[in-house]
Amino acid sequence: MSDVKTIFGSLQSFHKGGVEVIDDDPRNYVFSNVFDVAAKAKAFERIAVGKNFEYVVECVRAEGTSPWYTCAHDEFALVLDGKVEIRLFKPDRALLAPDRSGAVALTERPAGRAMGRILAGRGHLALLPKNALYQFHAEAPSVMTIQTIQGPLTIERWAEICQTA
């Protein structure tokens, strides 16, 4: 039995990786590395790295302070590298129609009350409740994924981020 060593990637240390195709066309598969995507991303861009019908996993480079966001459905943020503070706020009224998909960014925080904050590090998963507002803050570049429904902030860069050969 051989020894297997698990190596965790980070924004500063990752291997792009790839898919080894035996008897098929590599274009039939999708593979990207979230650390590679985040290394090339602007702060708080929400770049799709996984998709199943309308559901997406977005890769986010957290650096500095994000705008406030809201969403008509629950979302989940998973910190993969670094430390991210998630600030939660409950607006006085819902800001989006219940059937609206995906998160939207706000230009200012509306009236309401603070709900608290989450201090998340590598491996921490946080619920971003529907109709709440949330804001990310990271002192140093960090990497998150957000599980959500594709919306106006979702960026698709498949040709740039996926292995094609």
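Taking first residues from region 97-120 that are closer than 10 Å to T70 by Cβ and without any contact (Cβ under 8 Å) to a residue 24 or more places away in the chain and partners that are open to solvent by less than 100 Å² (accessible area, probe 1.4 Å) and not in a strand (DSSP E or B), the Cβ contacts under 8 Å between residues at least 6 apart in sequence or on separate chains come to P110/L95. Restricting attention to region 73-105, the residues that are open to solvent by less than 10 Å² (accessible area, probe 1.4 Å) and either among the basic types (K, R) or in a loop (DSSP other than H, G, I, E, B) (or both) total 2. Here's a check for you: in region 9-35, which residue that is crowded, with 17+ Cβ neighbours inside 10 Å and of a type in the set (A, V, I, L, M, F, W, C) is modelled with the lowest pLDDT? Within region 9-35, the match that is modelled with the lowest pLDDT is F14. For region 112-155, residues that are small (G, A, S) and open to solvent by 50 Å² or more (accessible area, probe 1.4 Å) total 3.
The values are calculated or read from the model by the stated rules, or taken from the named source; none is laboratory data. Because the structure is predicted, anything quoted here is derived from the model rather than measured. As a convention, Cβ positions derive from the backbone with ideal geometry for all residues, glycine included, and neighbour counts pool all protein chains shown. Each accessible area value is taken on the protein alone, full model and side chains, heavy atoms only, with ligands, DNA and RNA left out. Shrake-Rupley method; radii C 1.70, N 1.55, O 1.52, S 1.80 Å.
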